[in-house]
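Step one of this worksheet: look at the structure below.
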Amino acid sequence: MRRDFIKCCTLAGLGLACPGARAAAKDGEAYEGPYYVVFNASGGWDTTYLMDPKSIHEINRLYQEGDILTHGAHKFAPNAKHIAGGMSNEDFYKEFGSELLTLNGLDYSVNNHAPGARYMATGKLDSLAYPTFAALVAACKGPACPISYLTFGNYSNTGNVVAMSRVPYPQSLQRIANADFVEGNARSPYHEDFVLERINQALDEQQAGRSSQPRLPRVERAQSMLYSAQINSKALQRVTPHIPKEIPKERLSQQAEITLASFKAGVCVSANLSIGQFDSHANNDKDQMKLIPEFLAGIAYLLRRAEELKIRDKLVVIIQSEMGRTPTYNKGNGKDHWSVGSIMFLGAGIRGNRVLGATDEGQLHVPLNAQSLAIDKDHGVRVRPEHIHHALRQFAGIEDHAFSKKFPLGVKKEEVLQGLWG
């Protein structure tokens with residue numbers, strides 16, 4: 001029975017988030033940020049229809065050079081006339097352009113989905129062992145949080161440094177948060193309050209007695225997991241007030257609600273959000289004009305809800321995909337895999353209204369000077385995911401953490417991006 005209980009705790013992200021009972025008890029207080037969110041446009045977005053607009057050589061078929069729009073430092077493709085739902089580029093840049101940092105000309109180095117997604121998520125192309133940035137920052141900053149690292153798909157490896165938590169629907173979060181109630185219903189407790197108090201008192205006394213006794217490592221780990229699961233169960237109850245009564249229908253909005261409720265309750269550090277189907281080998285324009293607006297609407301939803309929950313100023317948001325689309329169309333009016341693309345950031349500590357890097361007329365990477373961040377075709381650096389991840393580790397203050405050192409990125413000193421965040 002205990003084995004089944006531990007298994008259930010593991011699936012919910014409970015218990016494994018802390019190495020021992022003492023750590024769980026000590027770290028029972030709410031994590032107060034910063035909170036890290038990674039948005040993934042899974043399948044490979046067409047950057048010429050978003051942040052890196054081009055109209056020459058029929059790279060796109062929906063707008064001309066004179067139609068390209070600007071907002072502050074940003075140039076973007078016009079798409080308001082071509083979308084049926086979601087959020088247009090025009091509205092997205094109007095609302096968030098002043099906060100947004102864009103880097104164009106990112107060298108993905110590969111154009112296959114699995115290695116590309118892994119590379120973008122971890123900063124390491126040739127290893128299956130590295131954790132995603134979201135997992136790494138969760139392990140470094142909040143390992144004792146009950147659901148420290150949330151993921152909703154895409155590449156999600158943890159490197160065995162933190163528990164992975166998957167909560168598919170807001171209703172599922174309700175059940176996890178109210179584990180002491182039947183089906184998460186606060187009106188149907190399994191036990192009366194005085195019974196729960198006695199159970200908790202007995203667990204504390206039992207754990208205190210065990211702490212002075214020698215135990216085999218496997219036994220100690222299992223008992224600690226059981227005890228910390230009970231502690232985390234109480235911490236998760238803080239989530240309940242922040243779960244909305246009306247659940248949005250959009251898939252990214254649902255992921256956002258689960259994420260933000262967990263952030264607000266102080267039980268989560270990072271989240272990996274994702275929607276797929278960007279792999280537009282056929283009918284590229286139709287597919288991208290459906291998915292990009294949905295993607296931007298999901299980002300906007302999270303940011304607006306975070307404002308309502310008063311944690312907007314604690315968010316760090318990364319917006320990415322594992323590849324781009326070719327600068328030419330195939331016979332099916334689609335675009336195939338392309339190993340050059342873009343990435344965007346916004347949030348606490350990031351200076352917005354900036355665009356770094358570039359692609360040339362053929363949508364090829366243009367090298368960047370690592371010190372000045374200016375275009376440097378002759379002596380610049382080919383900015384790749386490991387450069388971005390090195391900068392993210394520095395930004396999050398985890399560069400020298402033992403976990404980060406366990407997974408080195410191998411970025412040369414002269415290639416470290418200086419002043420990326422402003």
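The values are calculated or read from the model by the stated rules, or taken from the named source; none is laboratory data. What you see is a predicted model, and the numbers here were worked out from it, not measured in a lab. Using ideal geometry, Cβ is built from the backbone for each residue, glycine included, and neighbour counts are taken over all protein chains shown. The area values use the complete protein model at the heavy-atom level, side chains included, leaving out ligands, DNA and RNA. Shrake-Rupley method; radii C 1.70, N 1.55, O 1.52, S 1.80 Å.
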Interchain or sequence-distant (5+) residues whose placed amide H lies within less than 5 Å of the amide H of Asn157 are Thr132
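In square angstrom, what is the accessible area per residue of segment 54-102 with a 1.4 angstrom probe?
Numbers: 2500 Å² over 49 residues.
Value for segment 54-102: 51 Å² per residue.
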Using the Karplus curve 6.51 cos²θ - 1.76 cosθ + 1.60 with θ = phi - 60°, work out ³J(HN,Hα) for each residue of segment 234-244 in order, rounded to whole Hz, and write x for Gly and Pro.
5, 5, 5, 4, 5, 6, 3, x, 9, 7, x
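Ignoring ligands, DNA and RNA, please state the percent of accessible area on segment 41-122 from carbon and sulfur, probe 1.4 Å.
Values: 1490 of 3110 Å².
Carbon-and-sulfur percentage of accessible area, whole number: 48.
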For the pair Glu99/Gln418, report the inter-label distance in nm, with labels modelled 7 Å from Cα in the Cβ direction.
3.0 nm
I want to check the label-to-label distance for Arg198 and His57. Put each point 7 Å from Cα in the C-beta direction and report it in nm to one decimal.
7.8 nm
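Given R₀ = 25 Å, what would the calculated FRET efficiency be for Gln237 paired with Glu32, taking r from the Cβ atoms and rounding to 0.05?
Details: r = 18 Å, r/R0 = 0.70.
Rounded to the nearest 0.05, the efficiency is 0.90.
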The long-range amide H neighbours of Leu356, using H built 1.01 Å from N in the peptide plane and a cut-off of under 5 Å, are Thr102, Leu103, Asn104
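Full-extension gain between Asp360 and Asp91, please, as 0.36 nm times their residue separation minus the C-alpha to C-alpha distance. Don't jump to the answer; show the numbers that get you there.
On the way: separation 269, 0.36 × 269 = 96.84 nm, distance 2.66 nm.
Between Asp360 and Asp91, full extension yields 94.2 nm more.
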What part of the accessible area of segment 334-422, given as a whole %, is carbon or sulfur when the probe is 1.4 angstrom?
49 percent
Ranked from the most accessible area to the least, with a 1.4 Å probe and all protein chains present, what is the order of Asp126, Asp287, Asp67?
Asp126, Asp67, Asp287
Please list, or write none, the lysines whose alpha carbon is within less than 23 Å of the alpha carbon of Lys264, excluding same-chain residues fewer than 8 places away.
Lys26, Lys141, Lys234, Lys245, Lys249, Lys310, Lys314
HN-Hα J in Hz across segment 41-53 - Karplus 6.51, -1.76, 1.60, θ = phi - 60°, x for Gly and Pro
8, 6, x, x, 7, 8, 5, 6, 9, 9, 9, 10, x
Spin-label model distance (nm) - Asp378 vs Asp400, 7 Å beyond Cα toward Cβ
3.8 nm
Karplus couplings for segment 407-422 from phi (6.51 cos²θ - 1.76 cosθ + 1.60, θ = phi - 60°), rounded to Hz, Gly and Pro as x?
10, x, 9, x, 7, 5, 4, 6, 9, 5, 6, 9, x, 4, 8, x
